[in-house]
Amino acid sequence: MTENISEALRYLVIKVLAGDFVTLHSLKEYLVDGESPSVLSHKYRVGKFKLRGYIQRVLEKAGNYRVAQHIVKTSYTYLSGLSPIVVRVPRGYYCTACEKPITMNPERHIRLEHKDLVNRIVAECMRAAVKRSGP
Ligand SMILES: [Zn+2]
């Protein structure tokens with residue numbers, strides 16, 4: 001269960017560090033606020049199938065709906081306040097942590113090169129998730 005939580009968090013943390021906040025916001029609005037995928041797809045201009053895909057990935061990693069809901073509920077404020085480390089530039093992407101342009105997919109770059117940072121943020125969110133589930 002702990003492993004499921006950290007895997008689901010890792011997925012969200014990497015997306016946020018890559019500058020993709022849409023997944024985080026739409027997951028929160030879907031899982032916590034009960035908004036429908038079609039409304040969110042319209043609001044964030046993301047294809048409905050793509051959006052359902054993101055939601056499905058997090059649900060699979062979390063193991064079930066309740067766990068996914070708890071993860072998003074406890075980490076949303078912290079994650080939405082993070083600054084991305086990869087920014088879009090005219091010819092592709094630039095990593096502010098490496099201070100150089102990157103040619104590969106930003107999420108892949110973060111997963112491969114910034115494992116320590118990702119682990120630190122995941123650990124921070126885990127603390128919140130575990131604390132909030134207590135009595
Ligand atoms: Zn980098």
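The figures follow:
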{"item": "Count of the range 27-75 residues which are of a type in the set (G, A, S), under 22 Å from M1 (Cβ atoms) and in a helix (DSSP H, G or I)", "result": "3"}
{"item": "Of all residues in the range 22-31 being touching a helix residue (DSSP H, G or I) at 6+ places or on another chain (Cβ under 6 Å) and under 27 Å from L112 (Cα atoms), the one that is surrounded by the most Cβ atoms within 10 Å (Cβ to Cβ)", "result": "L27"}
{"item": "Residue match in the range 48-55 (condition: of a type outside the set (K, R) and within 16 Å of the ligand (Cβ to nearest atom))", "result": "no"}
{"item": "Matching option when the condition is exposed (fewer than 15 other Cβ atoms within 10 Å of the Cβ), over 22 Å from V130 (Cα atoms) and not aliphatic (A, V, I, L, M), among G81, G19, G34", "result": "G34"}
{"item": "Residues within the range 99-135 that are within 16 Å of the ligand (Cβ to nearest atom), in a helix (DSSP H, G or I) and either of a type in the set (D, E, K, R) or within 16 Å of F21 (Cα to Cα) (or both), tallied", "result": "11"}
{"item": "Check on T103, under 23 Å from V122 (Cβ atoms) and not hydrophobic (A, V, I, L, M, F, W, C)", "result": "no"}
{"item": "Pair list, Cβ < 8 Å and 6+ apart or interchain, from the range 94-105 residues that are of a type in the set (A, V, I, L, M, F, W, C) to residues that are more than 8 Å from the ligand (Cβ to nearest atom)", "result": "C95/P101; C95/P106; A97/L117; I102/G92; I102/Y93; I102/Y94"}
{"item": "The range 76-98, subset hydroxyl-bearing (S, T, Y) and assigned to a loop (DSSP other than H, G, I, E, B), residue farthest from R10 (Cα to Cα)", "result": "T96"}
{"item": "Residue check, L82 under 13 Å from the mean Cα position of the chain (by Cα), closer than 23 Å to I121 by Cβ and within 16 Å of the ligand (Cβ to nearest atom)", "result": "yes"}
{"item": "Pairs where the first residue, in the range 113-126, is within 8 Å of R10 (Cα to Cα) and the second is more than 16 Å from the ligand (Cβ to nearest atom), C-beta under 8 Å, 6+ apart", "result": "V118/R10; V122/S6; V122/L9; V122/R10"}
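Computed from the coordinates by the stated procedures, all read-outs in this text should not be read as laboratory data. Everything numeric in this text was worked out from a predicted model, so none of it was measured. Positions of Cβ are backbone-derived with ideal geometry, glycine not excepted, and every protein chain shown enters the neighbour counts.
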